[in-house]
Protein chains: 2
Amino acid sequence: MAGRELTSLRSPRVKAARRLAKRAFRRRENRFLAEGPQAVREALEIPGGLAELFTTAEAEARHPELVLAAERAGAPVLRVSGEVMAELAQTVTPQGLLAVCEFVDVPLDRALENGPRLVTVLAHVRDPGNAGTVLRTADAAGSETVVFTDASVDPYNGKCVRASAGSLFHLPVVVGPRFDALIPELKGAGLTVLAADGAGDRTLDEAIDEGVLARPTAWVFGNEAWGLPEEILRHVDEVVRVPIYGRAESLNLATAAAVCLYASARAQRGSQGERPSRM
Amino acid sequence: MAGRELTSLRSPRVKAARRLAKRAFRRRENRFLAEGPQAVREALEIPGGLAELFTTAEAEARHPELVLAAERAGAPVLRVSGEVMAELAQTVTPQGLLAVCEFVDVPLDRALENGPRLVTVLAHVRDPGNAGTVLRTADAAGSETVVFTDASVDPYNGKCVRASAGSLFHLPVVVGPRFDALIPELKGAGLTVLAADGAGDRTLDEAIDEGVLARPTAWVFGNEAWGLPEEILRHVDEVVRVPIYGRAESLNLATAAAVCLYASARAQRGSQGERPSRM
C-alpha cells in the first residue's frame, strides 16, 4: 500500500504531476494525466504505460486491486489528501484515482505498416471534447489508427482523454504530422483519402453506391466551425458531404464523423457483424 | 431603434428575462431564451415566435436588420448595457443579442397527423448538450418530429437550445409525454418503434439487411450512462444495437443516434440525394 499521505500542493511529486495539465510540460516529460479507475485499468494493460498512481485513502479502499496491480507493475503509488486530489484532477467530482501515464502514440510508419483498411485523420480539430469523441467513435467503428495532425488539439489534453473514454489506449494514435507530408504516406499505404466536408461534390450515399467506401480509406475530418481549408481539399482523393435532409445547416463534427466511419465499416465488412478485437 | 439603455439588473424586464434560466419560470411563462443572431433569425421566421429582443448598442450596430425585423414583428426591443447582457446571457462570450421566444412545441397528435416516416424520441436523456445535439442530428437526417418524454431534459434549457444550433425552431418538437402513453400513439400512427441500446439482439446492419429500417420508424434513444430501462425495452418493437468493431465499450449517445438516424434516412430514401425542405 501507499506510504504516508501527501497533503501539500508543494510536494515535488504533486507539483510535477500538476504541471502535466500544460501541453509544454507533457511534451517535455512524455507523460499525461488520466483520471478514474477505467483509465488506470487501461494504462495497466500497456507494458510500462502507468508511470505513477495518485490515490486517496477512500479510492484505495474502493479499488484495492488497482493499487496492487500498479505496485506489481512497478509504478509508484502516492496517497494524497482529498484536497490535493481535487487540485490534481481536472474534473469537478474527481474519482480519487489519477494515473500519470507514458505517452502512447506511435510513429506514422508503424501505424501504417500492417495495411490498415480504415484510418481516421483529425485535421484542424481544435475542441478537445470533440477530438476525444471522434477518437472513441473511430475505435467503435473499427478504425485501426487515428492521426492528429500538427494543426489539431493535443490528444493528451485532459478533456480529450476523458471524452475518448479509454479509446486513447485502445488503438495506435499518431501525433503531430503535417498534413502535406501525411497525404502521400496515406496514399502510399494504399488508402483512398476522403475528406468529409459540407462543400463536397458527392454525397456519402453516392460514395457508398459507387463502391468508393469499400476500398481501404483514410477519412479526414476538419474544424468544428469552418471545415477543411482549401489546400487540404485540393490534395485528397475526394471530398464527400454527409447529406442534410432537413433544415439543419450542418452537422456537429463528431456526429458527421460517426456517420462517415460507420458507413465505411458497413461498406468494408458487409454484414459480418462484429469482429473480435484485433488487439 | 430601441429606447434608452437599461443598465440595472433590477429593471423588471431584465429580472423577468433572467428568471427564464429556470425551468419552472419558463413553464409558467411559456417562454425561453435563445442567444445570438442565428436564434433571432429563426425566432422571427415563426409568426409570433419572438416575444422580446434584448440587444447591446454594439450588436444593434452590427445587426440593424434584425432589430428592424423585430420591431416590424411587433416585438419590444430592449437595449441593455454590456454588463446586463453578460448577466442575461448564459455563454461566456455573449453575442449581444438575446431573444425571448414563445414556446414552439406542439401536441403529439399534431406532430403525428401527417404520417411522419422518421420520428426521434429522447427518453431519459438528461444532458442538455447531448439532447440538443441529437435534435440537430435528427433535423439533419430528415426526422420529421422529435419527442422529449417527461423523463428527459427540458428542450428549452439554454444548453440544449445552443447545442441544437437552431433545429429547435426547424421541426415539430413534442414535450413531456409519458413513455407508456407515447408508445401506442406511435404504433397507431403506423410507426415501427425501435430502441437503440447496447443490449439489442440485432445489430443495426441486420436491421438494415432485413428491411426493417425501410419502414416508417420511431427511434428511441436513452440515457447517456445507463441506456434504456427494461420497461421501455419490453414495449418497443425491436431493440437494435450499433455494432462495436473495436475496443470501445460503447458509443456516445449523440453519435449512436447519428448512426441510427442516417441509416434510416438511407434505407427510406435510397440514393435520392437530399430532398428540398419539407417545411
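The values are calculated or read from the model by the stated rules, or taken from the named source; none is laboratory data. Just so it is clear, the structure is predicted and the values come from calculations on it, not from any experiment. Neighbour counts run over all protein chains shown; Cβ positions are idealised from the backbone, glycine included. Only protein heavy atoms, including side chains, enter the accessible area calculation; ligands, DNA and RNA are left aside. Shrake-Rupley method; radii C 1.70, N 1.55, O 1.52, S 1.80 Å.
Using the Cα centre of segment B:12-102 as origin and beta-carbon charges of +1 (Lys, Arg) and -1 (Asp, Glu), tell me which of B:L20, B:L78, B:Q38 is placed farthest towards the positive end of the dipole. Most positive-ward Cα: B:L20. Given axes a ≥ b ≥ c from the Cα gyration tensor, I'd like to know whether segment B:108-271 is rounded (a/c under 1.5), prolate (a/b larger than b/c) or oblate. Because its axes are fairly even, with a/c under 1.5, segment B:108-271 counts as rounded. When A:P12 is represented by a point 7 angstrom out along its Cα-to-C-beta vector, the spacings to that point in the other copies are 6.7 nm, nearest first.
Given +1 at the Cβ of Lys and Arg, -1 at the Cβ of Asp and Glu and no other charges, the dipole of segment B:12-102 around its Cα centre is 580 debye to the nearest 20.
At a probe radius of 1.4 angstrom, the accessible area of segment B:12-102 per residue rounds to 49 square angstrom. Each of B:V259, B:V161, B:F179 was placed along the dipole of segment B:158-267 (beta-carbon charges, centred on the mean Cα), and the one lying farthest toward the positive end is B:V161.
Rounded to the nearest 20 debye, the dipole size of segment B:108-271 about its Cα centre is 500 debye, using +1 on the Cβ of Lys and Arg and -1 on the Cβ of Asp and Glu.
Contact order for segment B:69-207, expressed relative to its length and based on alpha carbon pairs under 8 Å spaced 6+ residues apart, stands at 22 percent. Here B:L68 yields copy-to-copy label distances, from shortest upward, of 7.6 nm, the label point defined as 7 Å from Cα along Cα to C-beta. Normalised by 2.2 N^0.38 Å, where N is the number of residues, the C-alpha radius of gyration of the protein assembly as shown stands at 1.02. For the chain pair A and B, buried accessible area totals roughly 3700 Å², probe 1.4 Å, rounded to the nearest 100.
Could you work out the Rg to Rh ratio of chain B, with Rh taken as the Kirkwood radius (inverse of the mean 1/r over all Cα pairs)? Can you show the working numbers first?
On the way: Rg = 20.3 Å, Rh = 19.8 Å.
Ratio of gyration radius to Kirkwood radius for chain B: 1.03.
Hey, how much of the P(r) for segment B:12-102 falls beyond 15 Å, as a percent of Cα pairs? In whole percent, the share of Cα-Cα pairs in segment B:12-102 beyond 15 Å is 53.
Express in nm, to one decimal, how much length is gained between B:L68 and B:D180 on full extension, taking 0.36 nm for each residue of separation and deducting their alpha carbon distance. The partial results should precede the final answer.
Values: separation 112, 0.36 × 112 = 40.32 nm, distance 4.61 nm.
Additional length available on full extension: 35.7 nm.
Per-residue mean of other chain beta-carbon atoms within 10 angstrom of the beta-carbon, peptide B:137-148?
On the way: counts 9, 2, 7, 14, 9, 6, 2, 2, 0, 0, 0, 0.
That works out to 4 on average.
With respect to the axis relating copies B and A by rotation, the chain B residue whose beta carbon is closest, plus that distance in Å, is B:A258, 2.
Under the rule that an exposed site lies in a DSSP loop and has at most 15 other Cβ atoms within 10 Å, name the longest stretch of chain B with no trypsin sites (Lys or Arg not before Pro) of that kind, not counting the sites themselves. Please list the in-between numbers first.
Values: sites that count: B:R4, B:R10, B:K22, B:R126, B:R178, B:R234, B:R278.
Result for the longest clean stretch: B:23-125.
Dipole size of the protein assembly as shown about its Cα centre, with +1 on Lys/Arg Cβ and -1 on Asp/Glu Cβ: approximately 1440 debye, rounded to the nearest 20.
The modelled label-to-label distance between B:R27 and A:E45, using points 7 Å beyond Cα along the C-beta direction, is 4.3 nm. Placing unit charges on the Cβ atoms of the charged side chains and taking the dipole of chain B about its Cα centre, the candidate lying farthest along the positive direction among B:G200, B:S11, B:L53 is B:S11.
Could you tell me whether segment B:184-279 comes out rounded, prolate or oblate from its Cα gyration tensor? Rule is a ≥ b ≥ c as square roots of the eigenvalues, rounded for a/c under 1.5, then prolate if a/b exceeds b/c, otherwise oblate.
Details: a/c = 1.70, a/b = 1.25, b/c = 1.37.
Oblate is the answer for segment B:184-279, as a/c is 1.5 or above yet b/c matches or exceeds a/b.
What is the percent carbon and sulfur in the accessible area of segment B:108-271, measuring with a 1.4 Å probe over the protein chains and ignoring ligands? That fraction is 45 percent. If you roll a 1.4 Å probe over segment A:12-102 with all protein chains in place, what percent of the accessible area is carbon or sulfur? That fraction is 50 percent.
By accessible area of protein heavy atoms, probe 1.4 Å, what ranking do B:D139, A:D109, B:D105 get, highest first?
Listed by decreasing accessible area, they come as A:D109, B:D105, B:D139.
Per residue of peptide A:259-267, the mean number of Cβ atoms on other chains within 10 Å of the residue Cβ is 5. A label point on B:G115, set 7 Å along the Cα-to-Cβ line, lies at 5.1 nm from each of its counterparts in the other copies, closest listed first. Once all protein chains are placed together, A:T55 keeps about 0 Å² accessible to a 1.4 angstrom probe.
Quick check on chain B: of the DSSP beta bridges with both residues there, what percent are antiparallel, nearest 5%?
Working: 11 of 36 bridges.
In chain B, approximately 30 percent of DSSP beta bridges are antiparallel ones.
In peptide A:102-110, what is the residue-averaged number of other protein chain Cβ atoms found within 10 Å of each Cβ? Show your work: numbers first, answer last.
Numbers: counts 0, 0, 0, 0, 0, 0, 0, 0, 0.
Per residue, the number of nearby Cβ atoms from other chains is 0 on average.
Per residue of the protein assembly as shown, the DSSP helices (runs of n ≥ 4 H) give a summed -39500 (n - 2.57) that works out to -10500 deg cm²/dmol at 222 nm.
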